[in-house]
Amino acid sequence: MKREMIIETADRLKTLPPYLFAEIDRLKGEAVKKGIDIIDLSIGDPDIPTPGHIVDAMKVAVEKPEHHRYPSYTGMLTFRQAVAEWYSKRFNVSLAPENEVVSLIGSKEGIGHIPLAFVNPGDIVLCPTPSYPVYPIGTMFAGGTPYFMPLKEENSYFPDFSSIPSDIAKKAKLMFLNYPNNPTSAVATTDFFKEAIEFAFKHGIIICHDAAYTEMYYDNRKPVSFLETDGAMDVGIEMHSLSKTYNMTGWRIAFAVGNKDVIAGLGKIKTNIDSGIFQAIQEAGIAALKSDESVLTELRDIYQTRRDVLYNGLVELGLTSLKPMATFYLWTTTPDGYTSSDFTSFLLEKTGVLTTPGNGFGDPGEGYIRFALTVSSERLKEGIERIKKVL
Ligand SMILES: *Cc1c(COP(=O)(O)O)cnc(C)c1O
């Protein structure tokens, strides 16, 4: 006799918003079926392979039996030392590898897990919007309630702390920030970070700054680290990922640095949930962090050429876009009469150019679309030419 059991998911899965890229995949699938040649500018995944010296370090490390066993939970000391050296060289921030650095299996993992360490059911977590969707989702998984801080063009895409009601600030335990910002490409100033730290001190809020794009910058204007600001080490941490910096999205390696109590809390969750990063990958990570500066300069030059092609093309088309000083995203307003999803569908159907609708990152993203610079300059030019013909 065949028996049936109804498998019911927990409420936390039922309350999830629809996954942004699922709808895009569906649209893409339909376009492919129609035989449209797609120029995919929808996802933030570098198209350029991982630099060869990093792959070579992995090849050597993978042969060593000592790396075949469980790694240390917090990351090999040599990896954490390489992180500390990198921070000192790049940002002049000094970190103790022993207790101010923890490895992460990608920063998505760290963002998803940190609320479990600090958020009790009913606590508020301040999340920017539009944003990377993991901040509110990690919050909800921990039983916390996201409070959305809108990032508006008129505030240079910084949250307005003075508009956060005092009862919300009182109940807030954690705040996520992300600069250089995905999807808007906005870059933080030291003054903004100072303001955030004052607000955090006043209300006892931990800051978790997602710094995934600090190395993807243009015109030689280096973004600052949150940890460079006075007081930052007292209120929070910063997460940085090797994913975008060294074209290593598939490898799953990142780290969190900063306040040792926050690092310890996050580390405790990880000790109980995962067992760290494959050590051969950490060896590759060390090789990445010790890379010659020319490796990153070459990548920046490629992205800067692409940025110029797309930005100039959009300006010519009359589409307004913030010229990115960092990140590989262009945050562009839709023409009059088009919502974000109207314009995304229009571009895909008429030109094969696939973008991400801005409202998918949160309500204030309505009226924008996001272009990612993840194809060659030639393809970007082709995309602009096609759009020119239909607009
Ligand atoms: C790509 C990205 C990350 C990095 O994720 P990994 O898990 O380290 O690959 C983190 N935050 C933002 C905003 C991103 O766009």
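The values are calculated or read from the model by the stated rules, or taken from the named source; none is laboratory data. Nothing here was measured: the structure is a model prediction, and the numbers come from that model. Neighbour counts run over all protein chains shown; Cβ positions are idealised from the backbone, glycine included. The area values use the complete protein model at the heavy-atom level, side chains included, leaving out ligands, DNA and RNA. Shrake-Rupley method; radii C 1.70, N 1.55, O 1.52, S 1.80 Å.
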Item to check | For the range 210-216, Karplus couplings with θ = phi - 60° (6.51, -1.76, 1.60), whole Hz, Gly/Pro x | outcome: 8, 10, 4, 10, 5, 9, 9
Checklist entry - Among MET58, GLY383, THR356, whose Cα sits farthest toward the positive end of the charge dipole of the chain (+1 at Cβ of Lys/Arg, -1 at Cβ of Asp/Glu, about the Cα centre)? => result MET58
Item to check | Ordering of 297-304, 64-71, 263-270, 131-138 by packing [mean C-beta count within 10 Å, highest first] | outcome: 131-138, 263-270, 297-304, 64-71
Checklist entry - Over the range 221-313, what percent of the accessible surface lies on carbon and sulfur atoms, probe 1.4 Å? => result 47 percent
Item to check | the range 244-378: Rg to Rh, with Rh as the Kirkwood radius over Cα pairs | outcome: 1.08
Checklist outcome for this item: Excluding residues fewer than 8 positions from LYS202 in its own chain, the lysines with Cα under 16 Å of it are LYS170, LYS171, LYS173, LYS194
Checklist entry - Can you list the residues, at least 5 places off or on another chain, whose amide H is less than 5 Å from the amide H of LEU104, using H built in the peptide plane? => result ALA254, PHE255, ALA256
Checklist entry - How are the Cα pair distances of the range 52-289 distributed, in percent, across 5 Å bins from 0? => result 1, 7, 14, 19, 20, 16, 11, 6, 3, 1, 0, 0
Checklist entry - In whole Hz, what ³J(HN,Hα) sequence does the range 238-254 give by Karplus (6.51, -1.76, 1.60; θ = phi - 60°), x for Gly and Pro? => result 10, 10, 10, 10, 7, 3, 8, 4, 10, 6, 10, 4, x, 7, 6, 8, 7
Checklist outcome for this item: With the charge dipole of the chain built from beta-carbon charges (+1 for Lys and Arg, -1 for Asp and Glu) about the Cα centre, the Cα from THR344, VAL32, LEU126 projecting farthest to the positive end belongs to VAL32
Checklist entry - When ranked by the protection proxy of mean other Cβ atoms within 10 Å per residue, highest first, what sequence do the peptides 28-40, 358-370, 114-126 form? => result 358-370, 114-126, 28-40
Item to check | Surface per residue (accessible, 1.4 Å probe) for the chain, Å² | outcome: 45 Å²
Checklist entry - Using a cut-off of 26 Å between alpha-carbon atoms, which lysines can reach LYS34, once sequence neighbours fewer than 8 places away in the same chain are excluded? => result LYS350, LYS381, LYS388, LYS389
Checklist entry - Which lysines have a Cα lying under 17 Å from the Cα of LYS152, excluding residues fewer than 8 positions away in the same chain? => result LYS323
Checklist entry - In whole percent, how big is the carbon plus sulfur part of the accessible area of the range 111-156, probe 1.4 Å, protein atoms only? => result 56 percent
